Structure formats: structure tokens, C-alpha cells
Amino acid sequence: HLLKPGGKYIFIEHVRHTDTSDTTVNAHYVPGSMNLAVWKMLQNVFTPVWKPFTGNCHMNRDTGKVIREMDGWSNVEITTHRGVENPLAKLMPLVYGMAVKQ
């Protein structure tokens, strides 16, 4: 066990593109406005190249969903940032937040 009950897990991760009801921090992003199939395919192509240079970061993993579905955690707060400014920002949305160990 890495955390005692009441311990806070704070995270920030590049994640797979989704178009769910996550809280999105970017006034320019409009749900449904991007062809997510194309961006997910690009994430799958670039992840094997990306991982060795970024500490095994998987930009094609839906980490927000994994954290929401973990047992033994409460007060899960997740915010999603989807950049639309340029192709690199579009390729790598982020989730960040906190979860408390029960």
C-alpha cells in the first residue's frame, strides 16, 4: 500500500482522447468538434515513439476513466484540459486532479 487511509493521490497525465462529460478547461473546445477517431489513431501511432523519451508515458491510455473506476478511493476530482491551439496540443489532452484513499 502506497497511501494510508486519508492520503491524497495527486496526478497529472496525458490521456487518450475522449469526448465525455469531463470538466474541460479550455473555452475554445466544443464537445463533438474534433474527429476523435483520427486523433485516437494518431495517439496509437505516436505512443510507442513517445514512451522512451517521456518515462513510459502512454498518451493513448484513458487514465481518467481508470482512476474513476478504482476501488478504495473517494472524493475523486478530475479535470480535463484539451488544447486546440495547435496539432501537438490536440494530440495530448491532459487530466489532472486528486483522489483520497479510503
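Give the cross-link partners of LYS40 among the lysines, using a straight C-alpha distance below 24 Å as the criterion and excluding same-chain residues fewer than 8 apart.
Cα-Cα hits under 24 Å: LYS51, LYS65, LYS90.
Give me the percent of accessible area attributable to carbon and sulfur for the chain, probe 1.4 angstrom.
After summing per-atom areas, the C and S share lands at 59 percent.
For a protection proxy built on the mean count of beta-carbon atoms within 10 angstrom, sort 91-98, 36-43 highest first, please.
91-98, 36-43
Rolling a 1.4 angstrom probe over the protein chains, ignoring ligands and nucleic acids, what is the accessible area of ILE67 in square angstrom, nearest 10?
Around 10 Å² of this residue is reachable by solvent.
Taking a quarter of the surface of the convex hull around the Cα atoms of the chain, what do you get in nm²?
7.0 nm²
With a probe of 1.4 Å, find how much accessible area the chain has per residue, and write the answer as a whole number in Å².
Spelled out: the 1.4 Å probe surface of the chain, per residue, equals 63 Å².
The values are calculated or read from the model by the stated rules, or taken from the named source; none is laboratory data. For clarity, every value in this text was computed on a predicted model and none was experimentally measured. Glycine gets a Cβ as well: all are built from the backbone with ideal geometry, and neighbour counts include every protein chain shown. Protein only, heavy atoms only, side chains kept; ligands, DNA and RNA dropped before computing areas. Shrake-Rupley method; radii C 1.70, N 1.55, O 1.52, S 1.80 Å.
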